[in-house]
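First up is the structure itself, then whatever we jot down about it.
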Ligand code: F0G
């Protein structure tokens, strides 16, 4: 395992890459950031990047690409059918994920759509460790329901449990028995469980899930979008694998699943997505839907150049010196915030740092979306764009009632190899200021609420003039500084 110690004893992550192409950033004045918030309905998805300084909305499609990925893009074989680029991708999927058969799709949620159309119907129940927004939306859209089966420690914000993404095995079996195995089309395991703070499951837990799946004859589907990071944390935290390597751990995990799907925007720092399997029966169940919704089965709606980048990116996922960068920076940020007493999900996971808005904004009721308010407030005082991962990201129930999220999180994504440590220190600094001034943050209410995945395009407004007051305090403390 890579460990580079500093003589000074300082514990900081060291970049194992050099920067060869750069992109200029803007840090606009706070007055402009306030206008931008009103223009974007206090929803960070609706901000324009010309107003954003550090874009920590997501790691999806925003990871830095390697020189080898960019080089590979130039050899794209732009054929509608039978492209050699697809053959290279197929080989990469076989080598890295250990699956012989591949169906490409334009991104992760397209796989979720096809899988749900193929397997979910009214009365279906899909057990999972935890939902992801798009996975759940496609299952419910096809008439099914989900059951989230984590252990209680998954919801403990400040914890040192190494595998908070583990599926609750006892509850899984109970759920299958109660609902009837015939009505459970598949079990879904999400690597590095996104919405509870990028928390991994252990290989042993996946083996236990597999055993239950076998006992009841149910398919096991693995969402591998963040599999590389899950494998990296297994390497660090699961005793059995401490002398293993990334490639072995990844293949051990994928071998346990009947069907593996992924967002290539995450796993391979490219665009695209895919579904892979060894069973020809499963392949046939999904195959016809790919040309219908995505494109011919050798490109699946993905640009061929991206297919080349994806193939190289998949191999790079096996490289510990690459995959460690984002979790290393996240750990640095999480540990520094924790030291200052700022409530943040621990242990540090992957994808980003996750602040607990329920505690930071304890004075804002859940009905006024504390995580959305915290995201807006942080953007206002820093130009840092995070993402609300709380009740705004939840969907209403069948009767149209609000369903409040288990956790109200502000996620600050750390795309791979994109930010420098001084930029992360800036985030830490502004968060410290905001935490000291948290009483000035107020609530939000919806003014425009789309019926599906409302968090993307929804519009909100502040419940008072709190943004103006927060800006006044910022200017009093920082003077002319941006
Ligand atoms: N599964 C997981 C675990 C994800 O994190 C995502 C996307 C998807 C599926 C869907 O993939 O975006 O390619 O359609 N997560 C992004 C995020 C959007 O910001 O966390 P997609």
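The values are calculated or read from the model by the stated rules, or taken from the named source; none is laboratory data. Keep in mind it's a predicted model, so treat the numbers as computed, not measured. Positions of Cβ are backbone-derived with ideal geometry, glycine not excepted, and every protein chain shown enters the neighbour counts.
The table that follows gives values for the structure above.
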{"read-out": "Residue among 45, 86 that is closer than 26 Å to residue 223 by Cα, touching a strand residue (DSSP E or B) at 6+ places or on another chain (Cβ under 8 Å) and within 16 Å of the ligand (Cβ to nearest atom)", "value": "45"}
{"read-out": "Residue in the stretch 219-229 that is surrounded by fewer than 24 Cβ atoms within 10 Å (Cβ to Cβ) and either under 23 Å from residue 113 (Cβ atoms) or not assigned by TED's automatic domain parsing to the domain that holds residue 129 (or both) present", "value": "yes"}
{"read-out": "Selection from the stretch 12-35 of residues that are more than 24 Å from residue 64 (Cα to Cα) and either within 24 Å of the chain's Cα centre (by Cα) or free of Cβ contacts under 8 Å to residues at least 24 places away in the same chain (or both)", "value": "32, 35"}
{"read-out": "Test: residue 95 is farther than 29 Å from residue 329 by Cβ, surrounded by fewer than 17 Cβ atoms within 10 Å (Cβ to Cβ) and in contact (Cβ under 8 Å) with a residue 40 or more places away in the chain", "value": "no"}
{"read-out": "Test: residue 113 is surrounded by fewer than 17 Cβ atoms within 10 Å (Cβ to Cβ) and modelled with pLDDT of 95 or more", "value": "no"}
{"read-out": "Wholly within the stretch 310-387, helices (runs of 4 or more DSSP H) carrying at least 3 residues that are within 18 Å of the chain's Cα centre (by Cα)", "value": "325-339, 370-382"}
{"read-out": "Residue within the stretch 270-277 that is within 13 Å of the ligand (Cβ to nearest atom), surrounded by fewer than 24 Cβ atoms within 10 Å (Cβ to Cβ) and either under 19 Å from the mean Cα position of the chain (by Cα) or under 27 Å from residue 242 (Cα atoms) (or both) present", "value": "yes"}
{"read-out": "Count of the stretch 93-123 residues which are under 23 Å from residue 208 (Cβ atoms) and away from the ligand (no atom under 15 Å from the Cβ)", "value": "4"}
{"read-out": "Some residue of the stretch 297-314 being within 16 Å of the ligand (Cβ to nearest atom), closer than 29 Å to residue 56 by Cβ, out of contact with any helix residue (DSSP H, G or I) (no Cβ under 7 Å at 6 or more places or on another chain) and not assigned by TED's automatic domain parsing to the domain that holds residue 93", "value": "no"}
{"read-out": "Number of positions in the stretch 440-481 that are part of a loop (DSSP other than H, G, I, E, B), surrounded by fewer than 12 Cβ atoms within 10 Å (Cβ to Cβ) and touching a residue at least 60 places away in the same chain (Cβ under 8 Å)", "value": "1"}
